[in-house]
Amino acid sequence: MSGDRDARRILLLDANSNDRHLAARLLASGLPDYAIEPVADAESLSRHLADRDFALLITDSRLPWMDNRRLLQRLAESDVPTPIIIMMGPTDDSAVSDYLDRGAFCVLPKDSAGYLQLPAMASRAMSRAPAPEAASSQLVERLPVGVISVDREGRITRANAGAAQTLGVASPEDARGLVLVDLVDSHPLQRRLQLLLEGDNDGVDMEVKLRRPDGENWWARLRIWPSEEAPGTFDGTLENISDYKKTETELARQAAELGRSNSELEQFAYVVSHDLQEPLSLIQRYAELLSGQKAVARHAESRKQAEHVLGSSRRMQNMIDAILEYSRVETGGTPFENTDFEEVLKAAEDNLAAVIESSRAEIIHDNLPTLSADRGQMLQLFQNLVGNALKFRAPKRAPRIIVTATEQREHWRFKVQDNGIGIAPDARDRIFGMFQRLHTGEEFPGTGIGLAICRSIVKRHGGQIWVDSVPGEGSTFHFTISRKL
Ligand code: ADP
């Protein structure tokens, strides 16, 4: 008989054909991967018992041709333990405990409740049935994870090759006798292990630095729990996580470095922009003086040159102002306070009243929440988004802007939707960067800093910002604001 078939057959012993059919039907629908095989006589039962070609045996307590107590004894004596479920007609409780004492997995009544429980019980019986010892120990031996058993003093009594390797000893035999608590390089974790051994804990799951005999620095994830099979002892796994720990430490270092250089850069940009303002205003003043001089005003070429200098220095002034404004999001924010977003949107609309009126824009909005936020920055955020929706409107239709808010588990999510010119797919990430514009100053005025500021404001409020768009039809800017500020 093949091993595959062994694991997929359930023997059903019942002399009553109605009961047998009912049980077979329920088992077939509850355990479709198993073959249900009725056994009607002692001879075929002996053959199955000899071949051991089944995973579970279900038997009626009153079989005319077999004594169940003997059957239980034969199954218990075998070196491949197979679970048995007894289906019992009305009887006294003492017979139930007798069967259980003799190793039956469970005893179910032969009534509708009993039959309905049968598939679930059968499945539990088979999953608990220990695999043949040889096969399971080979499997454990080959596992890439360390597997250990520990006695109540915390001494390792069993280890596989994976555990030996993690612990830094030559073989599983060398791991035996090592005291687990001594291998852990942290007092609080040693204490937790000790509590587990003393029975004050249901199990531990911790990342530990190991003390290895070779002095190497290894990290392991150690999970230990009380053994079900041998009360008072413990089973556990030991997983080498040194590579993961190394990567984690390196990532944390890089993140800290990045954070540091980022804030240094921001500070640098702020200081430089600030310092550039003075020489720039000097250039502007002299350029204005120059272009005002009669000799220059009379000479067309000189006049053009002076105007170029003036125009360029004004553009540079705008950029410097934009950088300073951008740096102020982090440094110049005010503390978070209860902020009524309805009121903020209204204030943004008031500030944009002239263009709303001239473009005959319609602004529709949901009920907006009151949240903890920097009110001034929320105003700036709405003003930039609604301002862009008005600025990048489609030439042939009046702007229609819809503002909505939905509550989510961690955040509030807002949408500012317009029916403007839209944004090409490949530009949708780029536009949130500094000075990123998709149009010239002649087409649409601007510095390309508005969305970078929006992103910075949203980030300060624990959220994210992104855009969806159908070019030619409109764009929807989404942003989230954390509920836990
Ligand atoms: P600015 O408005 O000064 O150009 P922003 O950072 O606010 O700078 O926007 C960057 C670019 O993103 C804009 O130049 C424009 O091309 C695009 N954009 C922003 N909002 C919209 C919108 N609602 N519809 C279409 N394009 C937009």
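The values are calculated or read from the model by the stated rules, or taken from the named source; none is laboratory data. Predicted model, so just to flag it, every value in this text is computed and none were measured. Here Cβ is always computed from backbone atoms with ideal geometry, including for glycine, and neighbour counts include all displayed protein chains. Areas reflect the complete protein model, heavy atoms only, side chains present, ligands, DNA and RNA absent. Shrake-Rupley method; radii C 1.70, N 1.55, O 1.52, S 1.80 Å.
Annotations
- Residue within segment 432-441 that is within 11 Å of the ligand (Cβ to nearest atom), among the aromatic types (Phe, Trp, Tyr), without any contact (Cβ under 8 Å) to a residue 40 or more places away in the chain and under 30 Å from Arg314 (Cα atoms) present: yes
- Residue in segment 452-466 that is near the ligand (Cβ under 8 Å from one of its atoms) and farther than 22 Å from Leu324 by Cα present: no
- For segment 355-407, filtered to residues that are among the polar types (S, T, N, Q) and more than 22 Å from Gly333 (Cβ to Cβ), the residue that is modelled with the lowest pLDDT is Asn367.
- Residue count for segment 210-225 under the criterion of being over 21 Å from Gly177 (Cβ atoms), surrounded by 16 or more Cβ atoms within 10 Å (Cβ to Cβ) and in contact (Cβ under 8 Å) with a residue 24 or more places away in the chain: the result is 1.
- Any hit, segment 407-419, residues being without any contact (Cβ under 8 Å) to a residue 60 or more places away in the chain, open to solvent by less than 50 Å² (accessible area, probe 1.4 Å), closer than 27 Å to Thr339 by Cα and over 27 Å from the mean Cα position of the chain (by Cα): yes
- Residues of segment 160-197 that are under 19 Å from Glu229 (Cα atoms) and open to solvent by 10 Å² or more (accessible area, probe 1.4 Å): Leu197 alone.
- Going through (1) surrounded by fewer than 17 Cβ atoms within 10 Å (Cβ to Cβ); (2) touching a Phe, Trp or Tyr at 6+ places or on another chain (Cβ under 6 Å); (3) at pLDDT 90 or above one by one, Gly203 falls short only on (3).
- Selection status of Gly448, more than 11 Å from the ligand (Cβ to nearest atom) and in a loop (DSSP other than H, G, I, E, B): no
- Matching residues, segment 350-405, being farther than 22 Å from Leu438 by Cα, more than 39 Å from the chain's Cα centre (by Cα) and not hydroxyl-bearing (Ser, Thr, Tyr): Asp350, Asn351, Leu352, Ala353, Ala354, Ile356, Glu357, Arg360, Ala361, Glu362
- Condition check for Asn351: touching a helix residue (DSSP H, G or I) at 6+ places or on another chain (Cβ under 7 Å), of a type outside the set (D, E, K, R) and within 23 Å of Leu390 (Cβ to Cβ): yes
- Residue that is farthest from the ligand (Cβ to nearest atom) [pool: residues in segment 368-406 that are farther than 25 Å from Arg460 by Cβ and open to solvent by 60 Å² or more (accessible area, probe 1.4 Å)]: Lys396
- The condition (being part of a helix (DSSP H, G or I) and either loosely packed, with under 11 Cβ neighbours inside 10 Å or touching a residue at least 40 places away in the same chain (Cβ under 8 Å) (or both)) is satisfied by just one residue among Tyr286, Tyr270: Tyr270.
- When segment 413-427 is filtered for residues that are more than 9 Å from the ligand (Cβ to nearest atom) and either aromatic (Phe, Trp, Tyr) or not in a helix (DSSP H, G or I) (or both), the ones remaining, listed by number, are Arg413, Phe414, Lys415, Gln417, Asn419, Ala424.
- All conditions but one from (1) more than 53 Å from the chain's Cα centre (by Cα); (2) open to solvent by less than 70 Å² (accessible area, probe 1.4 Å) apply to Glu43; the one that does not is (2).
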